[in-house]
Amino acid sequence: MKKYLSSLLIVTGLLVFSVAHAQSAMPTISSITPNQGTQNTSVTIYGTNLSGATNVEFYTASGQLSASLVPSSSSATNVNFTISGPFVGNVDPGTYQVSVVTNLCPGGCDSNRLSFTLNAPSANAPTISNISPGQGTANTSITIYGTNISEASRVEFYNQSGQLNASLTPSAVTATSLMFTISGPFVGNVDPGTYQLKIVTPFGTSNGMNFVFNTPSVNAPTISSISPAQGTQNTNVTIYGTNLSGTTNIEFYTPDGRITGGLYPSSVSAQNVIFTVSGLFAANMTPGTYQVSVVTNACPGGCNSNKLSFTLNAPVSNLPTISTISPNQGTLNKNVTIYGTNLSGATNVEFYTSSGQVVASLVPPSVSATNVGFTISSSFVGNVDPGIYQVAVVTNACPGGCSSNRLSFTLNPLPVATTPQLKLLSPSDNGTALIGSSLLVSWQSSGFTEGTPIRVDLKKYATGERYIIGNNLSLSGSFSWQVGTSLNGQSVSPGVYSMLICVQNTCFDDVLPLALNAAQQIPITAPSPNQQTPRVVTPSSSALPLTDDVDASDTASVCTALNFNLKYRSRDSQTNGEVTLLQQFLNDRGYLNQDPTGYFGMVTVAAVKQFQLVSSISPTGNIGPLSRAKIRQLSCSVAEATSPAATPSMTTRASLQAQLANILESLRSLTR
């Protein structure tokens, strides 16, 4: 008997324990949010012991089970579910008692019940068909496309468990689209991840669609200013800010947040973005004030900056256009003219790099409706690197300025800082001309700045009289001289002259002999073939002052016949005195300006190189077989020609030729 009584007590105890345990795990619900809805409505039930929820059951007022839904997620304190299309199709609208069933009891544990109203589906219920872009972060502007969106009040973000995490208010709404921007507070309160976006209107909640919220980038762009803040077609605009590298486009938004247009940048750096308002853009956009944002590639899907205002002005009919730039290249002091239309009121000439960045501007001193003139100033040259630039004219025809189209202009480098050189090209050596004839005089130069005036003089061999036959000439060119008359009207009499080329009061000893005859030309036999090409010399010590006279008696012809190859550091003691002979030759010819030392130093090297350049010999600075032969040809032929033993008996005409040749050679020796 005791045995059976003991067993009964044990069974009873287990039963009491099981019942007590089941009661302690029973689910309870305290609220339903929202407590009404229809198709696509996401609902959350709050309570306790809701872990392991398997169903949400809907009971009629009489207690009959009408339908159930499987929750999308559950936790100890909440259960989430969405009212599906099939559910709405099978359940009549009305108020139901909702209960949560968990698996904590054999056969399931039912919670208490709370009311939920199932509304009839609306023909105006919103739907979502697309989200663009499908991902974003702070400042990203999002557009949702669908139907029946016109009365949308909010965009809801649900996590993958179906729980509502956040919502945003749209900035612009139409029947088929909705726009919103991911704001700073949203970014601070929502974790990165994938969310279901839904639109809520008075007629219901839309279906959900995935959107990826990315982690905010530390390199997100920000913009601080736009300059100019208004413009129209051809206006060049610079946006300043930070983290602008990698900018892909500039977006234009209406005040209510709708994106209406975009432009590509022409130049991008970390601190600025440059773009041009194109004619097509201006023609397709309504004039007005827009919010402008920069988009970079620093984030997946693109990072949007904050927005600043820009006013797009109406296109103007008198927009400036430019057709040609003449000349299209130049450097310091160059006068340039830009031709085109509607150029009146030009305020600036702007220079742009190939990437569209403005590097400098000039104020034109001369402006008309069809041309703009300016001069390249020293300050401009000092601040702008040589190269090819795109040039535009800015006029005051528009608020903020109207920019023309652009044309190329090449800013040339300044001449290399070398000693200036001038060279007469014609008439050639041993030239003659008849009084009254026309004589072509041509020259070229290097090392002078633009605008340096060049002058050509004649100096009479016998008396030293000077005549100006060409003045205010360009750096290179030619002119025709009416032989026998100077620029100031003086008569130039027959005789032997030297033709000099001068800059201001310095004349260069690139002297060309010229015999002027009254009746007939008497050709003069050249002393040596090599002198058919004029020499190029520098002004230094060889420059002739305007008052200089030539005295043939000071010149002696010395034959310089060198047997040694001479080079840097050669000495007389090693070469039988030939370094001194070489230096004397260079001195006589005007290449060297010091007394012979007998030592082949750097000064002699420089003089030899100049001699070799003039003589069409590779300028090595060393004296080899070619240079020795040239020196002998130049010096010894003159010495032999002037020796009495080498002068045969001649007719009067031949005698005149020989005398004139000797005079010309003496003249060359004096002026070198």
Taking into account only those residues within region 462-496 that are under 21 Å from SER445 (Cβ atoms) and small (Gly, Ala, Ser), which is surrounded by the most Cβ atoms within 10 Å (Cβ to Cβ)? GLY470
Applying the selection to region 161-195, what residues are closer than 22 Å to PRO300 by Cα and touching a residue at least 60 places away in the same chain (Cβ under 8 Å)? MET179, PHE180, THR181
Heads up, the strands (runs of 3 or more DSSP E) in region 441-534 (entirely inside) with at least 3 residues that are in contact with a Lys or Arg (Cβ under 9 Å, 6 or more places away or on another chain) and at pLDDT below 80 are 495-503, 506-517
Would you confirm whether or not region 60-81 contains a residue that is in contact with a helix residue (DSSP H, G or I) (Cβ under 7 Å, 6 or more places away or on another chain) and assigned to a strand (DSSP E or B)? yes
Kindly indicate whether any position in region 257-280 is open to solvent by less than 20 Å² (accessible area, probe 1.4 Å) and more than 25 Å from GLN357 (Cα to Cα). yes
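Of the residues that sit in region 102-127 and are of a type in the set (A, V, I, L, M, F, W, C) and modelled with pLDDT under 95, which one is nearest to the chain's Cα centre (by Cα)?
Quick first cut of region 102-127, residues of a type in the set (A, V, I, L, M, F, W, C) only: 104-105, 109, 114, 116, 118, 120, 123, 125.
Those still in the list that are modelled with pLDDT under 95 too: 104-105, 109, 118, 120, 123, 125.
On the way: LEU104: 72, CYS105: 75, CYS109: 74, LEU118: 64, ALA120: 63, ALA123: 57, ALA125: 53 Å.
Here the residue is ALA125.
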Residue check, PRO86 in a helix (DSSP H, G or I) and closer than 21 Å to GLY162 by Cβ: yes
Out of all the residues in region 49-59, which are in a loop (DSSP other than H, G, I, E, B) and open to solvent by less than 20 Å² (accessible area, probe 1.4 Å)? LEU50
Examine region 223-236 for a residue that is among the β-branched types (Val, Ile, Thr), exposed (fewer than 15 other Cβ atoms within 10 Å of the Cβ) and either in contact with a Leu (Cβ under 8 Å, 6 or more places away or on another chain) or farther than 15 Å from ASN272 by Cβ (or both), and state whether such a residue exists. no
Can you name the residue in region 79-101 that is within 60 Å of the chain's Cα centre (by Cα) and open to solvent by 20 Å² or more (accessible area, probe 1.4 Å) and is also nearest to THR33 (Cα to Cα) among such residues? THR82
Restricting to region 307-333, count the residues that are open to solvent by less than 50 Å² (accessible area, probe 1.4 Å) and either among the hydrophobic types (A, V, I, L, M, F, W, C) or in contact (Cβ under 8 Å) with a residue 40 or more places away in the chain (or both). 13
Looking at region 43-92, which of its residues are touching a Lys or Arg at 6+ places or on another chain (Cβ under 9 Å) and closer than 12 Å to ILE29 by Cβ? GLU57
Tabulated pairs, region 63-78, first over 17 Å from GLY47 (Cβ atoms), second surrounded by fewer than 16 Cβ atoms within 10 Å (Cβ to Cβ) and β-branched (Val, Ile, Thr), C-beta under 7 angstrom, 6+ apart or interchain: SER66/THR60; SER66/VAL91; ALA67/VAL91
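Restricted to region 570-597, and to residues that are of a type in the set (Asp, Glu) and under 21 Å from SER615 (Cβ atoms), which residue is nearest to the chain's Cα centre (by Cα)?
To start, the set of residues in region 570-597 that are of a type in the set (Asp, Glu) comprises 572, 578, 588, 595.
Of the ones still in play, those that are also under 21 Å from SER615 (Cβ atoms) are 578, 588.
On the way: GLU578: 60, ASP588: 55 Å.
Of everything passing the filter in region 570-597, ASP588 is nearest to the chain's Cα centre (by Cα).
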In this structure, does ASN234 turn out to be in contact (Cβ under 8 Å) with a residue 24 or more places away in the chain and farther than 22 Å from THR296 by Cα? yes
Would you tally the residues in region 202-231 being hydrophobic (A, V, I, L, M, F, W, C), touching a residue at least 12 places away in the same chain (Cβ under 8 Å) and either part of a loop (DSSP other than H, G, I, E, B) or at positive phi (or both)? 3
List pairs: first residue in region 393-414 and farther than 16 Å from VAL237 by Cα, second residue aliphatic (A, V, I, L, M) and open to solvent by 60 Å² or more (accessible area, probe 1.4 Å) anywhere in the structure, Cβ distance under 9 angstrom, at least six positions apart or on different chains. SER408/ILE388; PHE409/ILE388; THR410/ILE388; LEU411/ILE388
Residue, nearest to TYR264 (Cα to Cα), within region 376-391, restricted to residues that are open to solvent by 60 Å² or more (accessible area, probe 1.4 Å) and either basic (Lys, Arg) or over 14 Å from the mean Cα position of the chain (by Cα) (or both): ASN383
Conditions first: (1) outside any strand (DSSP E or B); (2) modelled with pLDDT of 95 or more; (3) not charged (D, E, K, R). TYR46 passes all but one, so which condition is the exception? (1)
Among the listed residues THR215, THR247, THR232, which satisfies the condition of being under 13 Å from THR311 (Cα atoms) and of a type in the set (Ser, Thr, Tyr)? THR232
Of everything in region 286-300, what is open to solvent by less than 60 Å² (accessible area, probe 1.4 Å) and either charged (D, E, K, R) or modelled with pLDDT under 90 (or both)? Give them in sequence order. ALA298, CYS299
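The values are calculated or read from the model by the stated rules, or taken from the named source; none is laboratory data. Please read all numbers here as calculations on a predicted model, not as lab measurements. Heads up, the Cβs are rebuilt from the backbone with ideal geometry, glycines too, and the neighbour counts pull from every protein chain shown. Just so you know, the surface numbers come from the protein's heavy atoms only, side chains and all, with ligands and any DNA or RNA stripped out. Shrake-Rupley method; radii C 1.70, N 1.55, O 1.52, S 1.80 Å.
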